[in-house]
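Novice: This is the structure I want to talk about, given as structure tokens.
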Amino acid sequence: MEFFSCANSVPEIALCQRRRKCHSFLELKFTLLAILFFMFSHAAAYDPLDPTGNITIKWDVMSWTADGYVAAVTMNNFQMFRHIGAPGWTLGWQWAKKEVIWTMVGAQTTEQGDCSKFKGNIPHCCKRNPTVVDLLPGVPYNQQFTNCCKGGVVSSWGQDPSGAVSAFQVSVGVAGTSNKTVKLPKNFTLLGPGPGYTCGPAKVVPSTVFLTPDRRRKTQALMTWNVTCTYSQLLASKNPSCCVSFSSFYNETITPCPSCACGCQNKKNNCIMSDSKAAHSKGINTPKKDNSPLLQCTHHMCPIRVHWHVKLNYRDYWRVKIAITNFNYRMNYTQWTLVAQHPNLNNVTQVFSFDYKPLVPYESINDTGMFYGMKFYNDLLMEAGVQGNVQSEVLLQKNKDTFTFKQGWAFPRRVYFNGDECMLPPPDAYPFLPNSANANPVTSLAIAASVLLVILAIW
């Protein structure tokens, strides 16, 4: 840090003081910029419930060709509870030189580009920045590649590890023909299916090792590089996509989702009343190309509402009912996931109607669990309407040292739906225990005031 020593003359003292103020202002400015940069560059893409979650894209050069190479590109979703739903992923990058794509197996580019300079054999894509999408199911066998052709849908690692991978093969031309001359692509982008992912630069890593089908011989790629993409909910949307409401057996009050929890800016244009004829008109459930929602008009304006109801209290156990309601007329949620953080999830005894898996992001803390639908039963959450909800109940064993119904303890700390955090009601609105001074300070104040009035009347 620079220290200023001012001279004795008045002009020099004034100049020195101005320099000192300017210097202090610049120091404060750079400090604030550094703090903001740290917050948004690290915390924005960091999920405390899934600290190691990411999508890793691996390029394995399998063979050299006359003017380039053939590579297997594999996308692994290592996120525990965030999957890529329909209409699937879109992968893009920028070539380092003037490469072209001769052929692709298991995927295709959305545009061919200008290939007019080629005679005879025309490349699959000549664009400097190609955009690649997965093939749809049912393509001919000779166009398929291992783990391809699922319409870009990729499961989350926690729900289905075998389905959390997608791959294709690409033959690249006008490129290097050795690991010393190949230039790595740059500026990778990933949509899954919307925005939210940020991809780092490609990095050369040790070559991938493969086992032959008889598992008696190992082979390896000629060259391998990885690209890591992380998700940020702040980049995906400025508003949450779900909200949470609460209720309990010990209080008649139902705590609703916060008003405008998911934003009310376009309420007039993208919501309709559930009892209107428009809600049942033909074509209302047809998805739009831009996936714009058409919501049932509610005070919270969220596509998804999660309701947590404290249902029953036994001597050694307590019971919770969870209901998920879809208010979007244009969206079916396949392979949905629900994540809740609550201290008593370390003693889950039984889950009805949902599958359940504990998540332990930190080995010493077991307070997070993932709920998801049973296959072919309720793993599809239908669009808004009579069938647009799924529900289950959870039985939890009490820990007598920590269990209480006071001060909102029975309600979750965090709730995620499909990997996005939902907005919870404010803590002072939670259902409280009746006849409890700690839970209802207003009632206690009213009783104290009544007693004081009686005393004054007697005097």
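Novice: Only one of Ser116, Ser178 is assigned to a loop (DSSP other than H, G, I, E, B), more than 32 Å from the chain's Cα centre (by Cα), of a type in the set (Gly, Ala, Ser) and closer than 24 Å to Val205 by Cα; which?
Specialist: None of the others qualify; the one that does is Ser178.
Novice: Hey, does region 218-238 have a residue that's closer than 28 Å to Pro48 by Cα, crowded, with 19+ Cβ neighbours inside 10 Å, in contact (Cβ under 8 Å) with a residue 12 or more places away in the chain and among the small types (Gly, Ala, Ser)?
Specialist: Checked against the condition, which is being closer than 28 Å to Pro48 by Cα, crowded, with 19+ Cβ neighbours inside 10 Å, in contact (Cβ under 8 Å) with a residue 12 or more places away in the chain and among the small types (Gly, Ala, Ser), region 218-238 yields no hits at all.
Novice: Report, ordered by the first and then the second residue, all pairs with beta carbons closer than 8 Å, sequence separation of six or more or different chains, a first member in region 186-211 that is touching a residue at least 40 places away in the same chain (Cβ under 8 Å) and β-branched (Val, Ile, Thr), and a second member that is open to solvent by less than 80 Å² (accessible area, probe 1.4 Å) and in a loop (DSSP other than H, G, I, E, B).
Specialist: Thr198/Ser232; Thr208/Ala221
Novice: Which residue is most open to solvent (accessible area, probe 1.4 Å), if the candidates are limited to region 255-276 and must be in contact with a Ser or Thr (Cβ under 7 Å, 6 or more places away or on another chain) and at pLDDT below 95? Can you show your working first?
Specialist: Pass one, region 255-276, residues in contact with a Ser or Thr (Cβ under 7 Å, 6 or more places away or on another chain): 255-257, 262, 270.
Next, from what is left, pick out any that are at pLDDT below 95: 262, 270.
Working: Cys262: 16, Asn270: 31 Å².
Only one residue fits best here, namely Asn270.
Novice: One residue is enough: does region 213-229 have a residue meeting the conditions on the phi < 0 side of the Ramachandran plot, under 19 Å from the mean Cα position of the chain (by Cα) and among the β-branched types (Val, Ile, Thr)?
Specialist: Yes.
Novice: Moving to a separate point now. Determine, yes or no, whether Ser171 is small (Gly, Ala, Ser) and in a helix (DSSP H, G or I).
Specialist: No.
One line per residue, one yes/no per condition, for (1) touching a Pro at 6+ places or on another chain (Cβ under 9 Å); (2) open to solvent by less than 50 Å² (accessible area, probe 1.4 Å); (3) at pLDDT below 95; (4) under 16 Å from Lys150 (Cβ atoms):
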position: Ala43; (1), (2), (3), (4): no, no, yes, no
position: Asp47; (1), (2), (3), (4): yes, yes, yes, no
position: Asp50; (1), (2), (3), (4): yes, yes, yes, no
position: Ile55; (1), (2), (3), (4): no, yes, no, yes
position: Met62; (1), (2), (3), (4): no, no, no, no
position: Tyr69; (1), (2), (3), (4): no, yes, no, no
position: Asn76; (1), (2), (3), (4): no, yes, no, yes
position: Ile84; (1), (2), (3), (4): yes, yes, no, yes
position: Gly92; (1), (2), (3), (4): yes, yes, no, no
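The values are calculated or read from the model by the stated rules, or taken from the named source; none is laboratory data. Please read these numbers as outputs of a predicted model, since none were measured by experiment. Positions of Cβ are backbone-derived with ideal geometry, glycine not excepted, and every protein chain shown enters the neighbour counts. Heavy atoms of the whole protein, side chains included, go into the accessibility calculation; ligands, DNA and RNA do not. Shrake-Rupley method; radii C 1.70, N 1.55, O 1.52, S 1.80 Å.
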